[in-house]
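Before any comments, here is the structure.
The values are calculated or read from the model by the stated rules, or taken from the named source; none is laboratory data. Computed from a prediction, not measured in an experiment: that's the story for all the values here. All Cβ positions, glycine included, derive from the backbone under ideal geometry; neighbour counts span all protein chains shown.
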Amino acid sequence: MAGTDGSDEFVVFDQVQKSYDGETLVVKNLNLSIAQGEFLTMLGPSGSGKTTCLMMLAGFETSTHGEIRLAGKPINNIPPHKRGIGMVFQNYALFPHMTVAENLAFPLQVRKMSKAVTRDKVSKALDMVQMGEFGDRRPSQLSGGQQQRVALARALVFEPQLVLMDEPLGALDKQLREHMQYEIKHIHERLGVTVVYVTHDQSEALTMSDRIAVFDDGVIQQLAPPAVLYEKPENAFVASFIGENNKLRANIDSVSNGVASVTIDSGDKVQALAVNCGDTGNTMLSIRPERVLLSADAPNRLDGKVLELIYLGDHIRCRMAVAGHDEFIVKVPNSSDHAALNVGESCPIGWVTEDCRALDAA
Amino acid sequence: MTDASYQPDTTRGSLTDASGALLAADGTPLKKKLRQALAVSRRRAFLLVAPLLLFILASFAIPILLLLVQGVKDNTFSSIMPETTSVLREWDSNSEPTEEMAAAVVMDLINAKKISRSLPTKVGTRVNREVSGAISLFKKTTRKAPKMKAPFLAELHKADKKWKDPAYWKAMKIASKTITPAYYAAAVDKKYLADGSFADQPEDRQIYVSLFVKTILVSGGVMLACVLLGFPVAYLLSHLPSRQANLLMILVLLPFWTSLLVRTTAWIAMLQSAGVLNDIFVWIGITSDDQRFSLIYNMTGTIIAMTHILLPFMILPIYSVMKAIPPSHVRAAKSLGATNWTAFWRVYFPATIPGIGAGGLLVFILAIGYYITPALVGGQDGQLISNFIAYHMQKSLNWSLAAALGGILLVLVLILYWLYDKIVGIDNMKLG
């Protein structure tokens with residue numbers, strides 16, 4: 001991972017706050033360090049403050065409090081055009097009255113580069129995104145995916161150290177979006193630029209990022225690599241926002257060696273990994289649908305009843321009633337030896353203690 | 001379901017005829033079928049616009065066509081003096097007037113007088129446009145004509161010695177032509193001569209060319225003033241929150257909602273030499289009391305008033321274009337390293353050109369035919385070409401000259417439109 005190469009503090013948000021109306025904080029006390037060459041994604045629902053953070057970094061919004069540093073220098077008072085940060089916008093923001101090549105030449109012209117250098121860099125950047133033959137076209141003559149590539153090339157052509165992307169794939173259809181995710185990821189790996197990427201699409205975030213900062217309510221809920229975020233969510237919001245999750249309310253009986261013994265609302269006693277739950281009181285048990293075991297001899301056994309079966313090809317999605325909870329989802333792999341499930345039948349479920357996390361009772 | 005019950009149909013593709021054109025399922029050509037299918041909706045669309053189409057035809061297209069014809073057609077003389085017209089057609093306009101011509105004139109005048117007493121005067125008025133003194137000549141001759149006997153040429157000379165002057169005969173020859181370029185010639189300060197050539201009008205009667213030039217210059221000036229004043233307002237409008245923008249929009253549209261007379265009175269109160277503006281100038285010492293600016297009843301007044309009225313026509317198209325420019329474009333330019341000015345000039349401003357073009361064309365075309373405002377506040381030298389058209393329609397009753405002037409104005413506008421299409425492209429225009 002690129003974040004370990006020593007220059008850990010390329011971009012720093014230091015106690016940054018932002019308010020638009022003086023009454024509510026859109027961003028609450030943000031502290032975040034981004035390493036050089038890292039691909040960091042800000043993920044969160046709309047209104048969580050992620051785009052505001054990006055705009056403050058780009059210089060289009062000013063922070064109400066705190067300091068933002070780029071390569072060690074505070075940039076609060078530097079206007080956007082002097083920050084040298086490339087940016088890709090949600091709707092590409094290509095200039096419609098210029099050709100593709102002129103769009104790419106724009107950042108080089110304002111930097112007063114010579115014509116020869118400009119032409120050279122433009123054609124290299126276009127080749128990088130496989131758009132070499134489209135230099136003379138107008139943006140309106142290109143498809144969405146092609147415009148996206150041009151926008152990407154334009155943000156990279158002046159060789160910025162940092163590139164910001166504000167939901168750049170939001171307007172593309174699903175297939176193209178997935179294809180572009182890989183393309184952006186590969187370009188990032190090849191050029192080694194630092195990327196700060198904003199999205200509300202978790203699969204996009206999981207695919208591309210070195211680290212993901214999950215935003216909610218103006219606060220980073222968790223900052224971790226994708227695998228950690230999925231496997232080890234630290235609170236109930238992250239657990240439910242990233243991937244699918246079964247949630248069971250419970251009361252803590254005791255905690256020892258990081259394992260919490262709890263009583264579920266239905267009265268069953270089970271065990272779970274104590275993560276973010278304190279020693280007593282309420283907790284929220286969180287377990288992934290694919291980690292639920294359908295077997296009578298599993299630990300932490302509970303009784304379940306099959307309510308609905310949906311055939312999804314590679315797996316079968318099974319909705320069950322467990323401990324008085326009707327939305328308990330189990331993903332059963334479509335293998336030859338999977339137990340034949342039938343709607344209305346009872347079926348014991350369970351889980352390995354490490355797979356179930358006792359989180360804050362949000 | 002067995003496998004046999006579902007088989008992909010490979011025998012029937014799309015049908016084609018011998019030439020390869022597609023056929024519909026029943027064998028008729030697909031294009032014909034499509035036309036039939038669309039015919040109903042096309043008929044309905046036509047019926048919907050038919051009333052407006054008829055109205056425009058009757059009240060706009062046909063009158064304009066008639067007016068344009070009026071500019072080249074004048075049968076006053078030829079219908080009242082048919083004999084003279086046919087005899088004059090043979091005359092080479094250089095030789096001496098013949099007895100035959102004189103006889104025709106006398107006969108025609110007698111016949112015309114029998115139909116109506118006013119007819120000979122009409123002829124006199126028509127000839128008088130070519131050479132002055134013709135009205136009295138025709139009156140006098142008509143009075144004496146019934147008593148004349150052959151030889152008529154000598155009788156005419158006896159009745160009025162002006163008949164000895166070939167100029168009057170030449171004028172009659174010019175007037176006798178039904179289809180004549182005389183009015184268009186007059187509209188560009190030329191004189192159409194009896195032998196078919198053109199000559200310059202005398203210097204003191206050359207007014208129309210300079211008037212056209214003046215009209216174009218004033219229209220251009222008004223357009224420029226509207227761009228300079230309107231662009232910042234449109235920018236402000238498009239960047240304000242909608243509540244404040246609506247309020248400001250009402251102010252912009254206010255000139256449309258005030259009566260013309262109220263506006264004119266307001267201008268007089270503001271602009272006259274004892275008016276508010278001049279009082280302020282004197283008070284802050286820009287000018288002295290005995291040297292007040294004359295801001296109304298001259299060209300200055302015309303330009304100020306026209307700019308005021310036409311400003312909304314500039315602001316609205318620019319505003320609607322600016323509204324549609326995504327704010328991310330300017331942000332993108334700045335993130336790419338452009339200063340505020342560069343971002344504005346190279347990214348924002350080019351995007352507003354369709355609006356400026358539309359507003360400019362609109363204002364210019366409206367200004368070039370503006371009549372009321374110059375008539376009210378223009379005084380003596382603030383008059384434009386349309387005021388002279390109106391003068392010829394209402395006062396001098398020279399409708400043909402008015403039509404010729406109007407025709408030239410129309411051609412000017414069409415040329416402008418064509419130029420605009422060449423330079424900016426008419427499909428780039430956004431009117432709102």
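Might you check whether a residue that is buried (at least 16 other Cβ atoms within 10 Å of the Cβ), under 23 Å from the mean Cα position of the chain (by Cα) and either within 23 Å of B:Lys73 (Cβ to Cβ) or free of Cβ contacts under 8 Å to residues at least 24 places away in the same chain (or both) occurs anywhere in region B:221-233?
No.
Can you name every residue in region A:137-172 that is without any contact (Cβ under 8 Å) to a residue 40 or more places away in the chain, assigned to a loop (DSSP other than H, G, I, E, B) and either crowded, with 20+ Cβ neighbours inside 10 Å or not acidic (Asp, Glu) (or both)?
A:Arg137, A:Ser143, A:Leu169, A:Leu172
Where in region A:256-362 are there strands (runs of 3 or more DSSP E), lying wholly inside it, with at least 1 residues that are farther than 28 Å from A:Val228 by Cβ?
A:259-264, A:269-274, A:302-311, A:315-322, A:325-333, A:346-349
Residues are listed down the side, and each one gets a yes or a no for (1) over 27 Å from B:Ser259 (Cβ atoms); (2) surrounded by fewer than 16 Cβ atoms within 10 Å (Cβ to Cβ); (3) touching a helix residue (DSSP H, G or I) at 6+ places or on another chain (Cβ under 9 Å):
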{"site": "B:Ala367", "(1), (2), (3)": "no, no, yes"}
{"site": "B:Ala375", "(1), (2), (3)": "no, no, yes"}
{"site": "B:Gly379", "(1), (2), (3)": "no, no, yes"}
{"site": "B:Ile385", "(1), (2), (3)": "no, no, yes"}
{"site": "B:Met393", "(1), (2), (3)": "no, no, yes"}
{"site": "B:Ala404", "(1), (2), (3)": "yes, no, yes"}
{"site": "B:Val411", "(1), (2), (3)": "yes, yes, no"}
{"site": "B:Leu416", "(1), (2), (3)": "yes, no, yes"}
{"site": "B:Leu419", "(1), (2), (3)": "yes, yes, no"}
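Please tell me if A:Leu126 is in contact with a strand residue (DSSP E or B) (Cβ under 9 Å, 6 or more places away or on another chain) and buried (at least 19 other Cβ atoms within 10 Å of the Cβ). Spell out the reasoning first.
Numbers: in contact with a strand residue (DSSP E or B) (Cβ under 9 Å, 6 or more places away or on another chain): no; buried (at least 19 other Cβ atoms within 10 Å of the Cβ): yes.
The answer is no for A:Leu126.
Quickly run through region B:318-345 and pick out the residues that are facing chain A (nearest Cβ under 9 Å), among the hydroxyl-bearing types (Ser, Thr, Tyr) and either touching a helix residue (DSSP H, G or I) at 6+ places or on another chain (Cβ under 8 Å) or not in a helix (DSSP H, G or I) (or both).
B:Ser335, B:Thr339, B:Thr342
When you check B:Ile353 against the structure, is it within 14 Å of chain A (Cβ to nearest Cβ) and assigned to a loop (DSSP other than H, G, I, E, B), yes or no?
Spelling it out, it is not the case that B:Ile353 is within 14 Å of chain A (Cβ to nearest Cβ) and assigned to a loop (DSSP other than H, G, I, E, B).
Give, as residue ranges, the strands (runs of 3 or more DSSP E) completely inside region A:1-99 that count at least 1 residues that are of a type in the set (Ser, Thr, Tyr).
A:27-34, A:39-43
Can you work out which of the residues in region B:272-288 that are in contact with a helix residue (DSSP H, G or I) (Cβ under 6 Å, 6 or more places away or on another chain) and in a helix (DSSP H, G or I) is surrounded by the most Cβ atoms within 10 Å (Cβ to Cβ)?
Checking each candidate, the answer is B:Leu277.
Is it the case that A:Lys50 is among the basic types (Lys, Arg) and either exposed (fewer than 15 other Cβ atoms within 10 Å of the Cβ) or within 19 Å of the chain's Cα centre (by Cα) (or both)? Explain how you work it out, then say what you get.
Values: among the basic types (Lys, Arg): yes; either exposed (fewer than 15 other Cβ atoms within 10 Å of the Cβ) or within 19 Å of the chain's Cα centre (by Cα) (or both): yes.
Against the criterion (among the basic types (Lys, Arg) and either exposed (fewer than 15 other Cβ atoms within 10 Å of the Cβ) or within 19 Å of the chain's Cα centre (by Cα) (or both)), A:Lys50 qualifies.
Given the criteria in a helix (DSSP H, G or I), away from chain A (no Cβ under 14 Å) and closer than 26 Å to B:Leu251 by Cβ, does B:Leu311 qualify? Break it down stepwise before answering.
On the way: in a helix (DSSP H, G or I): yes; away from chain A (no Cβ under 14 Å): yes; closer than 26 Å to B:Leu251 by Cβ: yes.
So B:Leu311 passes the test.
If you check B:Ala145 against the conditions, is it more than 37 Å from the chain's Cα centre (by Cα) and among the hydrophobic types (A, V, I, L, M, F, W, C)?
yes
Within region A:213-236, can you find the residues that are touching an Asp or Glu at 6+ places or on another chain (Cβ under 6 Å) and over 25 Å from A:Ile349 (Cβ atoms)?
A:Gln222
Can you tell me which residues in region A:264-296 are without any contact (Cβ under 8 Å) to a residue 24 or more places away in the chain and either assigned by TED's automatic domain parsing to the domain that holds A:Glu231 or farther than 15 Å from A:Ser254 by Cβ (or both)?
At the first step, the residues of region A:264-296 found to be without any contact (Cβ under 8 Å) to a residue 24 or more places away in the chain are A:267, A:269.
A:Gly267, the sole residue that qualifies.
B:Ile296 versus (1) surrounded by 19 or more Cβ atoms within 10 Å (Cβ to Cβ); (2) away from chain A (no Cβ under 11 Å); (3) over 21 Å from B:Gly369 (Cα atoms): which is the lone unmet condition?
(3)
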